[in-house]
Every structure is written in structure tokens, then in C-alpha cells.
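Student: Starting off with a structure, shown below.
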Amino acid sequence: MVRKRPMALNRKSSILCQLYEKKHFTSKEFRRLWDFYDKDNSGFLEYSELERFLRDLTEVTLGEEVDEAEYEKFKAKIMGLIDDNNNGKLEAKELSKIIPTEENFLLCYSIQSQRMGASLSSQDFLEIWCHYDKDCSGYLDYSEAKDFMKDMLKVNSVAMDTSNVEYLDTFFKTFDTDNNGVIEIDEMAAIFPVEERFTNALKQRKRFTKEEFDRLFDEYDTGKTGFITAKQLPKMVGDLSKANKTNLSEKQISEISGRLIQIFQMFDSKDIPRTELSLIMSSHDPQSSLQFKREMSQKRKSLGNA
């Protein structure tokens, strides 16, 4: 059997080879790595860009003496692991699965939206939200918002002392537009270039309470699966309207349901998941008493001094 000539790689020009010995890439290094391979600034690695990256990755992983058969096998394995949507090209968030990057959840989404000049999808935005809303309360308290703010500052290359309470308070109050001491999902959506149908769907969430939503969802989710069907959704929206006396017309119910169904068609599941629907449809407002605000203020100060 004749062994094919091994792939050659110029280590001096390969940023991957230069950086791969590190335990973790910084956000700046990951962005530099992405820019090195994404030559046309498309927001994807595809065609010759993808081939260059995969050949570089093969060498730093398996060594220089790799023939084409071994390369093709390794390539198929890597793409199977990280190409989530099976489109034959890589997004920044897919690449981050195999590159040891420092913890900055927003980085990959930032690269993607900046390069493509496009809005975040509903699914991407909800992934971001759920990452920071660690206790699934439906809003970000100060400790959760602090992690989000630090990542936002770093992604946007803003130099700010994040241990300074006054700086963080100012930043927090900029997002907390209704001054209730937390960041709600519609306030966070206003920061990102989220697709319009998602921001439109959020407009009715103040009409419905979380308690009524939970009660009615339980009635419709008879199998306790955590999902309802698209066919059930208009009926549930109508029942929510009656329970909260919002007097939505049939046309409004149809429009709200239609926007929500369009959003969830982008998800892998055929049915509509409870958690995400609750975030979009119902108000998760915390208690707005002065006592709550005092507690949040004290928590902010203690976290800022930590």
C-alpha cells in the first residue's frame, strides 16, 4: 500500500498551532482565532476556510504524519460532534465546543451577529437568557445580572472596574428600565438585536400573571409532559385573556398564537415547551415592595465588596 504524502502545515502562519498549547483561550484570543480563519467575515467557516481549520486541527491533535484517509476520518468525527445543524459549516458557538475558551457565554453569539449583521434568533436569545437566569426565576437578580454585565463589558471591549459598586449600579439601572430591582426578559431583549417576531411576542407578557399561566398550562398539559401542542395554544391564550380580564379579541388571540407558533417552529421539538412559553407569555415580576428593594440594594453592595 502506497502511503500518501502527509499534509504540510506552516506553523508560523497557523494561529491554532501557536495557541493550542494553552489551557484556555482568552476571549480576545478566541476572536483572533475566529478572524484568522473566517477570511470573508461571513460569520461561518465554510469551504476553503473550514478545510484550512480542520487540517490545522488535525495536525495539532494527531501530528504531522497523517494521510488523507486518516484526515477524512478525523474530519467526519469532528463535524459530527460540533456541526449541530448539519449544514456543513461552522458557527462560532459550534467551534467553541472544541476550543478551550475562557468562560464568556456571550462571546460566540456576539461574533455571529456582528459578522452576519443579522438578528439573534429566538432560540439563541432564550439560550442566553437561561444561561444567566440560573435559578429559572424568570428574571435576573443582581448576582445573575452581574455575571451578564461582566460578559457584556468584555465582549464590547469596555474597560470598567467591575468590582466598583457605583459602576455596576449605573450599568444595572440602565437595563432595569422599570426600576423594580431586577432585569426582566423584555428589558434584556431590548439590548440585543433579537428578531422582531420575538420582541413582538413579548409585548403581551405583562397582561398575564405567572400564577394564571401555570394553572392553565397544567390543565392543558394533561399528560404532565411539560409541553402543549400548537393546536392547544390559541385556546390557552383565550383562557388566559378571560382569567386576567384582558378582553383580547379573536383576531388578537390568533395573532399572538401565530407569532408564538412561528417562534417555536424553530426549536427541535414539535410541541411547545412550558419553560420557554412561560418566559415569553407571562409576567415573572418579583415582589415590588420597599422591603424587597432594600434587600436587593444590600445584596448588590455585599456582592460589589466581595
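The values are calculated or read from the model by the stated rules, or taken from the named source; none is laboratory data. None of these values were measured; they are calculated from a predicted model. Please note: Cβ atoms are built from the backbone with ideal geometry, for glycine as well, and neighbour counts cover all protein chains shown. The protein model used for the area step is the full one, side chains on, heavy atoms only, and it has no ligands, DNA or RNA in it. Shrake-Rupley method; radii C 1.70, N 1.55, O 1.52, S 1.80 Å.
Student: Quickly run through segment 72-96 and pick out the residues that are loosely packed, with under 14 Cβ neighbours inside 10 Å and in a loop (DSSP other than H, G, I, E, B).
Tutor: 84, 85, 86, 87, 88
Student: May I pose another question? Any residue in segment 47-66 that is closer than 27 Å to residue 152 by Cα and at pLDDT 65 or above? I'd like the intermediate steps shown before the answer.
Tutor: Of the residues in segment 47-66, the ones closer than 27 Å to residue 152 by Cα are none.
Taking every residue of segment 47-66 in turn, none turns out to be closer than 27 Å to residue 152 by Cα and at pLDDT 65 or above.
Student: State all residues of segment 259-301 that are among the small types (Gly, Ala, Ser), open to solvent by 30 Å² or more (accessible area, probe 1.4 Å) and modelled with pLDDT of 65 or more; if no residue qualifies, say none.
Tutor: Matches in segment 259-301: 269 only.
Student: Do any residues in segment 51-71 that are over 23 Å from residue 38 (Cα atoms) have Cβ atoms under 6 Å from those of residues that are at pLDDT below 85 and buried (at least 19 other Cβ atoms within 10 Å of the Cβ), where the two are at least six apart or on different chains, and which pairs are they?
Tutor: As it stands, the answer is 66/58, since those pairs meet every condition given.
Student: Let me ask you something else. Please state which of the following conditions residue 206 fails to meet, knowing it meets all the rest: (1) in contact with a strand residue (DSSP E or B) (Cβ under 6 Å, 6 or more places away or on another chain); (2) in a loop (DSSP other than H, G, I, E, B); (3) open to solvent by 40 Å² or more (accessible area, probe 1.4 Å).
Tutor: (2)
Student: Continuing with this model, one more query. Quick one: residue 181 ticks every box in (1) out of contact with any helix residue (DSSP H, G or I) (no Cβ under 6 Å at 6 or more places or on another chain); (2) open to solvent by less than 40 Å² (accessible area, probe 1.4 Å); (3) over 14 Å from residue 278 (Cα atoms) except a single one, so which number is it?
Tutor: Of the numbered conditions (1) out of contact with any helix residue (DSSP H, G or I) (no Cβ under 6 Å at 6 or more places or on another chain); (2) open to solvent by less than 40 Å² (accessible area, probe 1.4 Å); (3) over 14 Å from residue 278 (Cα atoms), the odd one out for residue 181 is (1).
Student: Every residue in segment 187-198 that is in a helix (DSSP H, G or I) and open to solvent by less than 50 Å² (accessible area, probe 1.4 Å), please.
Tutor: Step one: filter segment 187-198 for residues in a helix (DSSP H, G or I), giving 187-189, 196-198.
Listed by number, the residues that qualify are 187, 188, 189, 198.
Student: Looking at this structure, is residue 239 at pLDDT 90 or above and among the acidic types (Asp, Glu)? Step through it out loud before you land on a result.
Tutor: Values: at pLDDT 90 or above: yes; among the acidic types (Asp, Glu): yes.
Taking the combined requirement at face value, the residue satisfies it.
Student: Among the residues of segment 32-71, which ones are crowded, with 19+ Cβ neighbours inside 10 Å and of a type in the set (Asp, Glu)?
Tutor: Once the filter is applied, which keeps residues that are crowded, with 19+ Cβ neighbours inside 10 Å and of a type in the set (Asp, Glu), segment 32-71 yields 38, 56, 59.
Student: Which pairs turn up if I take residues in segment 131-143 that are open to solvent by 20 Å² or more (accessible area, probe 1.4 Å) and look for partners that are part of a loop (DSSP other than H, G, I, E, B) and among the basic types (Lys, Arg) with beta carbon separation below 6 Å, at least 6 apart in sequence or on another chain?
Tutor: Taking only residues 6 or more apart or on different chains, not a single pair turns up.
Student: Is it the case that segment 218-228 has a residue that's modelled with pLDDT of 80 or more, under 24 Å from residue 120 (Cβ atoms) and open to solvent by 50 Å² or more (accessible area, probe 1.4 Å)? Give the derivation first.
Tutor: Going residue by residue through segment 218-228, those that are modelled with pLDDT of 80 or more are 218-228.
In the following step, the residues that additionally are under 24 Å from residue 120 (Cβ atoms) were identified as 227.
Checking which are open to solvent by 50 Å² or more (accessible area, probe 1.4 Å) leaves us with 227.
Yes, the conditions are met somewhere in segment 218-228.
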